[in-house]
Amino acid sequence: MFRRLSFLVFIFTSALSLEILFSEDNETIVSPSSIFELGLFKDGTRWYLGIWFKGFPRKVVWTGNRESPLNSARGYIQISMSSGIQLFNESGYMTWKINLTRTAAADAPLTASLSDTGNLIVSYNNNNPNGILWQSFDEPGDVLLPGMDLGMGLSSGRFYYYRETAYQYYIWEFSTKMYRVDPIYYGTISLPRATTINYHATLTLLATGSLSLSEWTSEDTEWKEMLIAPSDTCDKYATCGANTNTYCSMNPLKSCECFPGFRPLRGNCVRKSPVTCSDDDGFQLLKNMKLPETDSWTILYEGVGLEECKERCLKTCNCTAFANTDMPISGWSCVMWTVSLADTRRYSTNRGQNLYVRVAGLAMAIRW
């Protein structure tokens, strides 16, 4: 059985150093609302420093010493400004270390806490967010929790998942893009609810390179798992080619189709007739779409509705398509693509977004 501690127990070795002790009783540190635990857990015959959901069902969400496990449950963590966070075995041998990301004043005592979001925080002032010196959310493994802010790929493994721009997330295999996950548009992939004692959710990057969403509520007896990407062949990055103005659909096999108003030409799709940059142009609605990849040429107008978005696209001569979608921060906004429409697909189920593709001539367009 695990012995659960309600508070952190420290041995201060100096004003800038503290220790957390673990014994054979498998003592754990519990977050304020008893949602997460920090301690040593056993996997096979080895022991690892980790954070997991407290109680049933247990799910490890962070591991510190992934490549340097302990042989027993006896050990201790030492935290100092000069040496960072160090894990020692029962013989006093350091098996794992990570540096702090910031420094503190010489007279500032260090503290550590485990939050109800699953974040282990080292700081010199618990009441001041600016006092954070290190946090486990900045060192994710294969599991993502609500509240984590992804940056550039930190993993050294075969697959990694990271945010390339403000709203675009990719799964890479070494140096090759495998999938562009659809996280920025409402109704697709997200962790919209915060972790509570009655609701848990994680995103896990599997060893196969797939991304899995796990959810649990107080009414569930086990985790509910759902594969996010890839769901089929169309999820592969640029599966119909790069900058070809095509979209992928499953009917039921993979099919690459030209957008409305385009025709195939030597492996790409080109416009049947040029747009006139006037009110004679219109838009063809495509439903259940994974919206195209955004780039430096994509235009975003925050807080702009559907009708105004249409008018802005008409007045922008190189606007190829637009969507009115719910962005994570700015709410309903207008997204306009001004170059080729890349890495796009149509879902066979009621998923995805409405995409309005610019076409020449009112006869080909849907009147508003």
## Note on the structure
Counting only DSSP loop positions in the stretch 30-99, the GluC sites (Glu not before Pro) whose Cβ has at most 13 other Cβ atoms within 10 Å are 67
## Note on the structure
Candidate cut points under trypsin sites (Lys or Arg not before Pro) in the stretch 221-284, DSSP loop plus at most 12 other Cβ atoms within 10 Å of their own Cβ, are 266
### Task
Check cross-link reach from residue 315 to the lysines: straight Cα distance under 23 Å, and skip same-chain residues fewer than eight apart.
272
### Query
Given H placed on each backbone N at 1.01 Å, which residues far from residue 178 in sequence or on other chains put an amide H within less than 5 Å of it?
171, 172, 173
### Query
What is the set of long-range amide H partners of residue 65 at a cut-off below 5 Å, with H atoms built 1.01 Å from backbone N?
49
### Message
What distance in nm separates the two pseudo spin-label positions at residue 219 and residue 206, each 7 Å out from Cα along the beta-carbon direction?
### Response
2.7 nm
## Note on the structure
Listing 356, 347 by rising number of other beta-carbon atoms within 10 angstrom, fewest first, gives 347, 356
### Query
With each pseudo-label sitting 7 Å past Cα toward Cβ, what's the residue 66-residue 98 distance in nm, one decimal?
1.0 nm
### Query
Can you work out D for the stretch 271-364 in µm² s⁻¹ from Stokes-Einstein, where Rh is the Kirkwood radius over C-alpha pairs, the temperature is 4 °C and the viscosity is 1.567 mPa s?
96 µm²/s
### Task
Just add up the charged neighbours of residue 221: K/R +1, D/E -1, any other residue whose Cβ is under 15 Å from the Cβ of residue 221.
-2
### Message
Cross-link candidates for residue 54: which lysines have Cα within less than 21 Å, leaving aside residues fewer than 8 places away along the same chain?
### Response
42, 224
### Selected from 325, 337, 289, residue furthest toward positive end of dipole (the stretch 271-364; charges at beta carbon)
289
### Neighbourhood charge, 14 Å Cβ-Cβ cut-off, centred on residue 303 and excluding it, Lys, Arg +1 and Asp, Glu -1
-3
### Query
In straight Cα distance, which lysines are under 19 Å from residue 177, not counting same-chain residues fewer than 8 positions off?
236, 290
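Throughout, read-outs are computed from the coordinates displayed, never taken from laboratory work. Predicted, not measured: the structure shown is a model, and the values here were computed from it. In this analysis, Cβ positions are derived from the backbone assuming ideal geometry, glycine residues included, and neighbour counts consider all displayed protein chains.
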